[in-house]
Amino acid sequence: MKEAKTIYLSLGSNLGNKLFNLQRAVLLLQKELGIILEISGVYKSPSWGFEGEDFLNACLSIETQNTAKEVLRVILKVEREMGRKRVSGEGYQSRNIDIDLLYYGSEIIETDELVVPHPQMHLRRFVLRPLADIAPQFYHPVFDKDTRNLLQESKDKTNLKQTTHKLYASRELLFSQLHLVAIEGNIGAGKTSLARKIASDHNAKLVLERFADNPFLPKFYNDQSRYAFPLEMSFLADRYQQFTDDTTQFDLFKNFMVSDYDIYKSLIFAQITLQKEEFKLYRKMFNFMYNEVKKPDIYIFLYQRTERLLENIRKRGRDYEQGINKEYLEKINRGYLDFLKGFPHRKSLIINIDDLDFVENKADYELIIDKILEQALTD
């Protein structure tokens, strides 16, 4: 069995969603290398050695059984996976991710492909300052000085600013900061399937809509004009009671909550199905209830074209849904999209899943999770 080593890495990004780039790199490194021991704060610094956008920088320590060469290969693999292409002699330039190996235990390594400790780290305040968060007393094996002394003696006077951002060692920890994630979509979009997978994979309390128990639903699909108002009122009452109960009862053994609906869907559907006077009465009751319920930290809308929705509805084979037509589904899609226009951008996310199969294809599922996490880390 290989001896475990504590390694220290520096991360930087100055392109795109910088915070998400750092977070994604942390998760990929954890997956490939081993247990993350500590993560520094996130610091903002001007570009170093060239003109470009400000960087976000951080450091982390990992316990790994990989050799130093294997660590380097993983670093380059993660950078490639995130879209960075290192070019020999490229000089300093903007990049979405930059990962450097600072220390491999206390070893001194000098080869054609790798020098450890990193030969420039003592010259860079944007490396030393976050490193001091997690390894203030770690001694540089060449200079025989700890991180605090290297920072104090550094001639780099770059203005570094600590941000309020935080990076997390796992998806579970990141998801736990969201408290409530609502997954919405048209009939047949797959919102329940996605909610179940997220809850199972990330230890979330699952809040599912109890639509199947509504006695008016089959009647509504046979005679919409007659049963629209009792259907929408019964949905509203049930959703309000269930959503209030489920989202206010904290589960100590779960990290967060994920729901396959948000109570606002009641108003979207009612606006389509009810007559003008009925809708005015309905909205008064809705507004009262909506003000009382918990709002999601992130609202996800799964968008699918109506042809695929109809195909999904046929496949799942619920008799009372087979009469749903294309026009009705298109009205629902428009209702959701109109609603999202007024939703805070940082809290809403529209994912087009026309060409995705997140149930059978793991890569499609991972793509959706990355989109959710990126939105969670958007200012």
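The values are calculated or read from the model by the stated rules, or taken from the named source; none is laboratory data. If you're wondering where the values come from, they're calculated on a predicted model, not measured in any experiment. Heads up, the Cβs are rebuilt from the backbone with ideal geometry, glycines too, and the neighbour counts pull from every protein chain shown.
Summary of computed values
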{"item": "Pairs where the first residue, in the stretch 148-169, is small (Gly, Ala, Ser) and the second is in a loop (DSSP other than H, G, I, E, B), C-beta under 8 Å, 6+ apart", "result": "SER154/ARG124"}
{"item": "Sole exception among (1) over 27 Å from LYS5 (Cα atoms); (2) surrounded by 15 or more Cβ atoms within 10 Å (Cβ to Cβ); (3) in contact with a Phe, Trp or Tyr (Cβ under 8 Å, 6 or more places away or on another chain) for ALA135, by number", "result": "(1)"}
{"item": "Candidate set from the stretch 234-283 (those that are small (Gly, Ala, Ser) and within 15 Å of ILE183 (Cα to Cα)); member that is modelled with the lowest pLDDT", "result": "SER266"}
{"item": "Criterion (closer than 30 Å to ALA199 by Cα and of a type outside the set (Lys, Arg)) met by exactly one of GLU153, GLU172, GLU113", "result": "GLU172"}
{"item": "Any chance ASP338 is surrounded by 11 or more Cβ atoms within 10 Å (Cβ to Cβ), without any contact (Cβ under 8 Å) to a residue 12 or more places away in the chain, closer than 24 Å to VAL181 by Cα and not β-branched (Val, Ile, Thr)", "result": "yes"}
{"item": "Residue in the stretch 315-325 that is surrounded by 13 or more Cβ atoms within 10 Å (Cβ to Cβ), among the hydroxyl-bearing types (Ser, Thr, Tyr) and more than 20 Å from the chain's Cα centre (by Cα) present", "result": "yes"}
{"item": "Count of residues meeting criterion [more than 13 Å from LEU9 (Cβ to Cβ) and part of a loop (DSSP other than H, G, I, E, B)] in the stretch 106-130", "result": "10"}
{"item": "Those residues of the stretch 269-286 which are among the β-branched types (Val, Ile, Thr) and either in contact with a Leu (Cβ under 7 Å, 6 or more places away or on another chain) or surrounded by fewer than 20 Cβ atoms within 10 Å (Cβ to Cβ) (or both), in sequence order", "result": "ILE272"}
{"item": "ALA4, sole failed condition from (1) modelled with pLDDT of 95 or more; (2) in contact with a strand residue (DSSP E or B) (Cβ under 8 Å, 6 or more places away or on another chain)", "result": "(1)"}
{"item": "Meets criteria (modelled with pLDDT of 95 or more and assigned to a helix (DSSP H, G or I)) for LEU56", "result": "no"}
{"item": "Any chance LYS280 is among the basic types (Lys, Arg) and touching a residue at least 12 places away in the same chain (Cβ under 8 Å)", "result": "no"}
{"item": "Filter result for GLY105 (outside the structural domain of TYR328 (by TED's automatic domain parsing), in contact (Cβ under 8 Å) with a residue 60 or more places away in the chain and farther than 19 Å from ASN57 by Cβ)", "result": "yes"}
{"item": "Conditions (1) farther than 30 Å from ILE35 by Cβ; (2) modelled with pLDDT of 90 or more; number of the one not met by HIS202", "result": "(1)"}
{"item": "Checklist (1) touching a Gly at 6+ places or on another chain (Cβ under 6 Å); (2) surrounded by fewer than 18 Cβ atoms within 10 Å (Cβ to Cβ); (3) of a type in the set (D, E, K, R) applied to LYS5, failing item", "result": "(2)"}
{"item": "The listed residue being in the same structural domain as LYS157 (by TED's automatic domain parsing), surrounded by fewer than 22 Cβ atoms within 10 Å (Cβ to Cβ) and within 20 Å of THR378 (Cβ to Cβ), out of LEU22, LEU27, LEU11, LEU37", "result": "LEU27"}
{"item": "Tabulated pairs, the stretch 71-88, first at pLDDT below 90, second crowded, with 17+ Cβ neighbours inside 10 Å, C-beta under 7 angstrom, 6+ apart or interchain", "result": "GLY83/ASN96; ARG84/ARG95; ARG84/ASN96; ARG84/ILE97; ARG86/GLU79"}
{"item": "Test result for VAL207, touching a residue at least 60 places away in the same chain (Cβ under 8 Å), crowded, with 16+ Cβ neighbours inside 10 Å and under 22 Å from PHE301 (Cβ atoms)", "result": "no"}
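Results for (1) farther than 30 Å from PHE269 by Cα; (2) part of a loop (DSSP other than H, G, I, E, B); (3) in contact with an Asp or Glu (Cβ under 7 Å, 6 or more places away or on another chain), shown as yes or no for each residue.
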residue	(1), (2), (3)
HIS165	yes, yes, no
TYR168	yes, yes, no
LEU173	yes, no, no
GLN177	yes, yes, no
ILE183	no, no, yes
ILE198	no, no, no
ASP201	yes, no, no
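Table: residues versus (1) more than 30 Å from GLN375 (Cα to Cα); (2) of a type outside the set (Val, Ile, Thr); (3) modelled with pLDDT of 95 or more; (4) within 28 Å of the chain's Cα centre (by Cα).
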residue: VAL116; (1), (2), (3), (4): yes, no, yes, no
residue: LEU128; (1), (2), (3), (4): no, yes, yes, no
residue: LYS161; (1), (2), (3), (4): no, yes, yes, yes
residue: GLU172; (1), (2), (3), (4): no, yes, no, yes
